[in-house]
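Peer 1: Below is the structure I would like to discuss, written out as structure tokens.
The values are calculated or read from the model by the stated rules, or taken from the named source; none is laboratory data. This structure is a prediction, so every number in the text was calculated from the model and none was measured. No Cβ is skipped: glycine too gets one built from the backbone with ideal geometry, and neighbour counts run over all protein chains shown.
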Amino acid sequence: MPDLITPTLAGDKLSLSRLLSHIENDSEEGIRALDSLFPHTGKAHLIGVTGAPGTGKSSLVNRLALQFRSQGRRVAILAVDPSSPFTGGAVLGDRVRMRDLSGDPGIFIRSMASRGSLGGLAAASAAMTQAFDAAGYEVILIETVGAGQSEVDVARLAHTTLVVEAPGLGDDIQAIKAGILEIADILVINKADRPGADSTERALKTMLELAHPVEKVFQHHGKTFRTPAATANPAPLWVPPIRRSVATTGEGLPELLEAIEQHAAHLRLTGEWQKRDKARLETELELIVREALFAQFFAGLAPGVIEEHLQQIQRRNLSPREAARQLLREA
Amino acid sequence: MTNRKIRVLVAKPGLDGHDRGAKVVARALRDAGMEVIYTGLRQTPEMIAEAALQEDVDVIGLSILSGAHMALVPRVMELLKANGQETVKVFLGGIIPDEDIPTLRQVGVTGVYGPGASTDQIVTDIQASFAA
């Protein structure tokens with residue numbers, strides 16, 4: 001194989017693109033390349049953009065990229081769409097909303113199918129962002145559909161996570177359900193020109209107040225009540241700001257960008273940047289070890305052993321846990 | 001590697017606005033287990049080549065109904081070559097007169113499909129072009 005690493009570090013796009021494929025396919029070359037690229041990583045600002053389908057994530061990413069470009073920063077976009085669980089195929093359509101970005105040599109857009117292996121998506125996207133980082137992209141936008149655990153894991157990769165909402169997608173009960181709102185560093189109400197934006201904002205605010213209590217003073221039956229703020233933490237607390245945007249027109253984008261910059265500054269000021277970096281690398285290490293152990297375990301088993309145990313389990317002669325214990329002893 | 005999937009860029013260069021065919025093909029390729037990057041309407045050859053480069057695709061499917069294929073397709077082929085992607089296989093669908101086909105093949109187009117072509121045939125041809 002020709003050397004892809006040196007040209008990638010020098011900015012050659014075809015080499016980077018081929019490396020990304022190797023990394024995504026988890027090939028030998030890809031794994032070796034990641035080892036050589038790793039010392040060059042750690043410089044980029046990783047920004048996760050997630051939210052329900054139809055909230056306008058791709059259009060928002062398009063606008064954000066334009067904003068970052070106007071500051072002269074190089075931008076990479078990793079757009080993840082789901083694979084079909086039945087055929088393994090995928091239609092990746094995020095580029096449709098990113099036409100404005102074509103022709104700009106400071107932008108690199110890569111579409112990625114979620115493929116489906118457990119934990120695999122998080123591992124693969126972490127590896128892909130490392131390649132972008134090493135290749136000198138200063139801002140990396142990772143776009144995922146916020147529908148499940150794997151997307152939450154992907155968002156955890158990021159220094160700053162944007163959760164995108166749109167008016168009219170659900171009532172305030174949706175907002176207090178546990179889930180992706182909790183991972184938000186910044187909440188974005190996109191399509192804010194549509195009716196219902198105010199009630200969406202109210203619902204999100206209520207949710208945030210529950211999660212980040214501040215001191216409240218109120219009157220009840222003529223008496224003054226005080227509820228103290230929950231934390232006596234001297235470190236400045238980041239309360240996720242709510243920003244409105246209309247991605248189709250670009251309205252609200254400068255304010256959103258400012259919130260992103262403020263969050264980055266907050267992370268650096270509080271030492272949270274290093275903490276997140278460490279947490280991310282820890283997750284990555286754990287995933288790699290887990291995968292290696294898994295492969296080692298199956299390689300050590302005699303063929304057909306799994307099937308034998310499965311049949312026993314299905315006949316209810318053996319519990320899955322007992323079977324697992326036996327298999328672990330045999331391997 | 002078992003992880004390898006055929007990656008296809010489906011694009012509509014030129015100015016006609018009929019993308020039904022391109023979408024039907026995109027879906028058929030998805031159902032055949034391929035990863036399809038769909039770029040939408042009114043793409044210039046430059047946009048197509050750029051997307052092909054960033055996505056490291058194995059195949060490009062072009063849909064052209066406007067009659068401009070003799071201008072657009074050679075330009076796409078030229079740009080692919082300039083980017084070092086001459087191994088990418090290009091398939092073309094749309095309203096293509098028979099007399100144009102030899103020239104299109106000469107510039108490197110792997111397959112040409114007119115109205116009535118079955119999606120199964122397209123899938124089979126793409127898969128066959130990688131079996132060799």
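Peer 1: Residue by residue through region B:77-104, note down the ones that are away from chain A (no Cβ under 14 Å), over 23 Å from residue B:28 (Cα atoms) and buried (at least 19 other Cβ atoms within 10 Å of the Cβ). Working first, answer last.
Peer 2: Step one: list which residues in region B:77-104 are away from chain A (no Cβ under 14 Å), which gives B:77-78, B:89-104.
Subset that is over 23 Å from residue B:28 (Cα atoms): B:77-78, B:97-104.
Matches in region B:77-104: B:77, B:104.
Peer 1: Would you check which residues across region A:244-284 are crowded, with 17+ Cβ neighbours inside 10 Å and more than 27 Å from residue A:126 (Cα to Cα) and list them?
Peer 2: Across region A:244-284, the qualifying residues are A:244, A:245, A:246, A:252.
Peer 1: With the requirement that a residue be surrounded by 12 or more Cβ atoms within 10 Å (Cβ to Cβ) and not in a loop (DSSP other than H, G, I, E, B), what does region A:311-323 give you? Can you show your working first?
Peer 2: So the first thing to find is which residues in region A:311-323 are surrounded by 12 or more Cβ atoms within 10 Å (Cβ to Cβ), and the list is A:312-313, A:318, A:322-323.
Once the filter is applied, which keeps residues that are surrounded by 12 or more Cβ atoms within 10 Å (Cβ to Cβ) and not in a loop (DSSP other than H, G, I, E, B), region A:311-323 yields A:312, A:313, A:322, A:323.
Peer 1: Moving to a separate point now. Tell me, which strands (runs of 3 or more DSSP E) wholly within region A:207-263 include 1 or more residues that are assigned by TED's automatic domain parsing to the domain that holds residue A:138 and modelled with pLDDT of 80 or more? Lay out the reasoning, then the answer.
Peer 2: Working: elements: A:216-220, A:223-227, A:242-244.
Ranges flagged: A:242-244.
Peer 1: Residues that are within 28 Å of residue A:129 (Cβ to Cβ) and at pLDDT 85 or above: does region A:168-183 have at least one?
Peer 2: Checked region A:168-183: no residue is within 28 Å of residue A:129 (Cβ to Cβ) and at pLDDT 85 or above.
Peer 1: State all residues of region A:84-95 that are more than 7 Å from chain B (Cβ to nearest Cβ) and under 21 Å from residue A:61 (Cα atoms); if no residue qualifies, say none. Before the answer, list the steps.
Peer 2: Taking region A:84-95 first, the residues more than 7 Å from chain B (Cβ to nearest Cβ) are A:85-86, A:94.
Answer for region A:84-95, where residues must be more than 7 Å from chain B (Cβ to nearest Cβ) and under 21 Å from residue A:61 (Cα atoms): just A:94.
Peer 1: Condition test on residue B:14, is it over 14 Å from the mean Cα position of the chain (by Cα), of a type outside the set (Lys, Arg) and more than 12 Å from chain A (Cβ to nearest Cβ)? I'd like the intermediate steps shown before the answer.
Peer 2: On the way: over 14 Å from the mean Cα position of the chain (by Cα): no; of a type outside the set (Lys, Arg): yes; more than 12 Å from chain A (Cβ to nearest Cβ): yes.
Considered against the rule, which asks whether it is over 14 Å from the mean Cα position of the chain (by Cα), of a type outside the set (Lys, Arg) and more than 12 Å from chain A (Cβ to nearest Cβ), residue B:14 comes out as no.
Peer 1: Go through region B:37-66 and count every residue that is polar (S, T, N, Q) and part of a helix (DSSP H, G or I).
Peer 2: Pass one, region B:37-66, residues polar (S, T, N, Q): B:39, B:43-44, B:54, B:63, B:66.
From the residues that got through so far, the ones that are part of a helix (DSSP H, G or I) too are B:54.
Counting residues in region B:37-66 that are polar (S, T, N, Q) and part of a helix (DSSP H, G or I) gives 1.
Peer 1: Within region B:2-18, count every residue that is surrounded by 18 or more Cβ atoms within 10 Å (Cβ to Cβ) and outside any strand (DSSP E or B). Explain how you work it out, then say what you get.
Peer 2: The initial filter retains those residues of region B:2-18 that are surrounded by 18 or more Cβ atoms within 10 Å (Cβ to Cβ), namely B:5-14.
In the following step, the residues that additionally are outside any strand (DSSP E or B) were identified as B:5-6, B:12, B:14.
Summing the residues that are surrounded by 18 or more Cβ atoms within 10 Å (Cβ to Cβ) and outside any strand (DSSP E or B) in region B:2-18 gives 4.
Peer 1: List every residue pair whose Cβ atoms sit under 6 Å apart, with the two residues 6 or more apart in sequence or on different chains, where the first one lies in region B:67-92 and is in a loop (DSSP other than H, G, I, E, B) and the second, anywhere, is modelled with pLDDT under 95.
Peer 2: Going by the 6 Å Cβ cut-off, the qualifying pairs are B:68/B:14.
Peer 1: Same structure, new question: Inside region B:19-43, can you point out the residues that are over 21 Å from residue A:21 (Cβ atoms), facing chain A (nearest Cβ under 9 Å) and surrounded by 21 or more Cβ atoms within 10 Å (Cβ to Cβ)?
Peer 2: First, pick out the residues of region B:19-43 that are over 21 Å from residue A:21 (Cβ atoms): B:19-25, B:27-28, B:31, B:40-43.
Add one more test, that the residue is facing chain A (nearest Cβ under 9 Å), and what stays is B:23, B:27, B:31, B:40-43.
Across region B:19-43, the qualifying residue is only B:43.
Residue-by-condition table, conditions (1) over 18 Å from residue A:8 (Cα atoms); (2) of a type in the set (Val, Ile, Thr):
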position	(1), (2)
A:23	no, yes
A:29	no, no
A:47	yes, yes
A:59	yes, no
A:69	yes, no
A:86	yes, no
A:93	yes, no
A:114	yes, no
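Peer 1: Filter region A:73-83 for residues that are at pLDDT below 95 and assigned to a loop (DSSP other than H, G, I, E, B); which is farthest from the other protein chains (Cβ to nearest Cβ)?
Peer 2: Going through the qualifying residues, I end up with A:82.
Peer 1: Restricted to region B:44-76, and to residues that are within 13 Å of another protein chain (Cβ to nearest Cβ) and small (Gly, Ala, Ser), which residue is surrounded by the fewest Cβ atoms within 10 Å (Cβ to Cβ)?
Peer 2: The selected residue is B:51.
Peer 1: To continue, here is another question. What residue, of A:88, A:106, A:120, is more than 16 Å from the chain's Cα centre (by Cα) and at pLDDT below 90?
Peer 2: Among A:88, A:106, A:120, only A:88 is more than 16 Å from the chain's Cα centre (by Cα) and at pLDDT below 90.
Peer 1: Related question: Kindly evaluate residue A:308 against the criterion of being assigned to a helix (DSSP H, G or I), touching a residue at least 40 places away in the same chain (Cβ under 8 Å) and of a type in the set (Asp, Glu).
Peer 2: Details: assigned to a helix (DSSP H, G or I): yes; touching a residue at least 40 places away in the same chain (Cβ under 8 Å): no; of a type in the set (Asp, Glu): yes.
No: the conditions fail for residue A:308.
Peer 1: Which of the residues that make up region A:7-53 are within 11 Å of chain B (Cβ to nearest Cβ), part of a helix (DSSP H, G or I) and small (Gly, Ala, Ser)?
Peer 2: Answer for region A:7-53, where residues must be within 11 Å of chain B (Cβ to nearest Cβ), part of a helix (DSSP H, G or I) and small (Gly, Ala, Ser): A:15, A:17, A:21, A:30.
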